[in-house]
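Enquirer: Could you have a look at this structure, given as structure tokens, before my questions?
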């Protein structure tokens, strides 16, 4: 009888241990998958807006309390306005195309509600022109988890200062300046 109780206790502890292992590993995997989804959806949503020439909200992907993330939204609005104005003025008559972006995640390090992600973005074969918000090559993202949602708080890549211009000072959307720059560029 005593052996039977020991066997039952042993089986109970094994099953409990397996549930703990499964629960612990899926939490991290879920976070990693959610982080990848945040990054991919940020690019997909930005690309959609750029292709449709219509800016909408990015707060599901960006921590807008971060100056750099805020600047990403302004830079995208500026890019959309540049295209819209160029087309309206007849400066650009070509065809705009959307191209695939491939993600090669090198590392995803999660520490509580913060994460650092190293990913290499690669182009579709034979394509070399992408919108400015897509920087091919090495990218490092820092994300924060807010209300159980992973948001991009900072992003290091080779053209960050060209596109966003600053991580410490908010940039301003100036439609007149954009129009003057476009007119100058096409003359």
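What follows is calculated from the coordinates using simple rules that are stated; it is not laboratory data. Note that the structure is a prediction, hence the values are computed from the model and not measured. For neighbour counting, all protein chains shown are included, and Cβ atoms are generated from backbone atoms with ideal geometry for every residue, glycine included.
Enquirer: What are the residues in the stretch 167-184 that are touching a residue at least 12 places away in the same chain (Cβ under 8 Å) and either closer than 27 Å to residue 107 by Cβ or outside any loop (DSSP other than H, G, I, E, B) (or both), if any? Spell out how you get there, then give the answer.
Expert: Residues of the stretch 167-184 that are touching a residue at least 12 places away in the same chain (Cβ under 8 Å), as a first pass: 167-173, 175, 178-179, 181-183.
Of everything in the stretch 167-184, those that are touching a residue at least 12 places away in the same chain (Cβ under 8 Å) and either closer than 27 Å to residue 107 by Cβ or outside any loop (DSSP other than H, G, I, E, B) (or both) turn out to be 167, 168, 175, 178, 179, 181, 182, 183.
Enquirer: Residues of the stretch 51-66 being more than 23 Å from residue 34 (Cα to Cα) and out of contact with any helix residue (DSSP H, G or I) (no Cβ under 6 Å at 6 or more places or on another chain), which ones? Even if it seems obvious, please write down each step before you answer.
Expert: The initial filter retains those residues of the stretch 51-66 that are more than 23 Å from residue 34 (Cα to Cα), namely 51-55.
Result: 51, 52, 54.
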